[in-house]
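To keep things clear, I will list the structure first and then write my remarks on it.
The values are calculated or read from the model by the stated rules, or taken from the named source; none is laboratory data. Values in this document were obtained by computation on a predicted structure and should not be read as measured data. Ideal geometry is used to build each Cβ from the backbone, glycine not excepted, and the neighbour counts take in all protein chains shown.
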């Protein structure tokens, strides 16, 4: 429906954004979580792992089956009594059969532990996927906000430059400005048009990308991101404490730790086929020589047994199975060790980015304020002829660079906060 209204608005000349839904940062992130196919896939995988874990517990309960059989036996009379002929007898059986393994070489409890670890691993995977996707989508939102601010900044600078152009024209008519100075101010004014168009193009492209992430047609959403909202700071401890926190909380690290345990449990399950097993088997039901009176007969049959199996020789398959399982354990252990080494570098880098962003925003703010003040004073001096147009253009460019740098610094700080939280395993939403 919104798509139809969007195109109707274009055809009728009515601004289609009047029908657009407005989202702030929190609601945009929540909407992204709700519609993300990757997050949904991770959630379904976690649900499947939970059901697998519940199913594994059913192996502790004996299985009971309804079974039926027909048997026929032929006996030659000549061999026994010197006569001829064949004696044929049939037997019919309907009853219940149960089987339960008491000992299976560690397979029973090993399977339960394996399913539990796989369930926990899928939950950690879900959290890891969600945190990573939110981090990437947040960066797009902050870039979108920065582009909007820069577009407003350049448009405002163009208006300011237009005012200087009008003053220069008046001076030129009075003969107080040379022709090349007039051309310079005019050129500076026209230079804003391609810059504005470039920012608008980047803004449209990024908006389309964000709409695509939210699974909605372009132009059906607006974003109201508070540009002056304070940035949440991060409570910091010593570098060693932060590394310890990251090791304990990062879902991908904990997932790799579980991967080692899962490999060890897989070894236990694989090797269980080469260890002794003890299985209980039982059968009870009706037995008759005729199917007509099978359930009327008083004859019943039952049997109960404990079957002990001790593998003796398996063609060396147990040797190769053990080696394969141990190799997989070593692979996961090396992967975990590498991730722990990488984690230290990630913590140091994220912490340095955060501290550098704090320092950068403090000085870029002062730079923006000072350049703004300088431009205001320079404008007054230009009107009275104290400075020339070249100096005025330099002041205008300096003010614009400083304001743009301050916009970038605010975005950089917000992203540094999110990346540091992500690196430490803290929730970022």
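Return yes or no: is residue 359 surrounded by fewer than 19 Cβ atoms within 10 Å (Cβ to Cβ) and closer than 30 Å to residue 243 by Cα? Even if it seems obvious, please write down each step before you answer.
Details: surrounded by fewer than 19 Cβ atoms within 10 Å (Cβ to Cβ): yes; closer than 30 Å to residue 243 by Cα: yes.
The answer is yes for residue 359.
Quick test for you: out of 280, 223, pick the one residue that is modelled with pLDDT of 80 or more and under 29 Å from residue 34 (Cα atoms).
On the way: 280 fails: under 29 Å from residue 34 (Cα atoms).
The unique qualifying residue is 223.
Could you give every pair whose Cβ atoms fall below 8 Å, whose first residue belongs to the range 380-401 and is on the phi < 0 side of the Ramachandran plot and modelled with pLDDT of 85 or more, and whose second residue is part of a loop (DSSP other than H, G, I, E, B) and surrounded by 14 or more Cβ atoms within 10 Å (Cβ to Cβ), counting only separations of at least 6 or pairs across chains?
381/387
Take the residues in the range 50-93 that are part of a strand (DSSP E or B) and at pLDDT 85 or above, then tell me which one is nearest to residue 120 (Cα to Cα).
From the range 50-93, those part of a strand (DSSP E or B) are 63-76, 86-93; that's our starting set.
From the residues that got through so far, the ones that are at pLDDT 85 or above too are 63-67.
Details: 63: 28, 64: 31, 65: 33, 66: 36, 67: 39 Å.
Step by step, filter the range 50-93, then rank; the result is 63.
Return the residues of the range 94-110 that are surrounded by fewer than 20 Cβ atoms within 10 Å (Cβ to Cβ), part of a helix (DSSP H, G or I) and in contact with a helix residue (DSSP H, G or I) (Cβ under 8 Å, 6 or more places away or on another chain); say none if nothing qualifies.
The answer is 108, and nothing else.
May I ask you to verify whether residue 288 is more than 40 Å from the chain's Cα centre (by Cα), buried (at least 16 other Cβ atoms within 10 Å of the Cβ) and farther than 22 Å from residue 105 by Cβ?
On the way: more than 40 Å from the chain's Cα centre (by Cα): yes; buried (at least 16 other Cβ atoms within 10 Å of the Cβ): yes; farther than 22 Å from residue 105 by Cβ: yes.
For residue 288, the condition - more than 40 Å from the chain's Cα centre (by Cα), buried (at least 16 other Cβ atoms within 10 Å of the Cβ) and farther than 22 Å from residue 105 by Cβ - is met.
Quick check, is residue 385 crowded, with 18+ Cβ neighbours inside 10 Å and out of contact with any strand residue (DSSP E or B) (no Cβ under 8 Å at 6 or more places or on another chain)? First the steps, then the outcome.
Values: crowded, with 18+ Cβ neighbours inside 10 Å: no; out of contact with any strand residue (DSSP E or B) (no Cβ under 8 Å at 6 or more places or on another chain): yes.
No: the conditions fail for residue 385.
Considering only helices (runs of 4 or more DSSP H) fully contained in the range 156-271, which possess at least 1 residues that are under 30 Å from residue 337 (Cβ atoms) and out of contact with any strand residue (DSSP E or B) (no Cβ under 9 Å at 6 or more places or on another chain)?
Numbers: elements: 179-190, 192-213, 239-249.
It comes to 239-249.
Take residue 372 and tell me if it is within 30 Å of residue 153 (Cα to Cα), more than 37 Å from the chain's Cα centre (by Cα) and assigned to a helix (DSSP H, G or I).
On the way: within 30 Å of residue 153 (Cα to Cα): yes; more than 37 Å from the chain's Cα centre (by Cα): yes; assigned to a helix (DSSP H, G or I): yes.
When the stated conditions are applied, residue 372 passes them.
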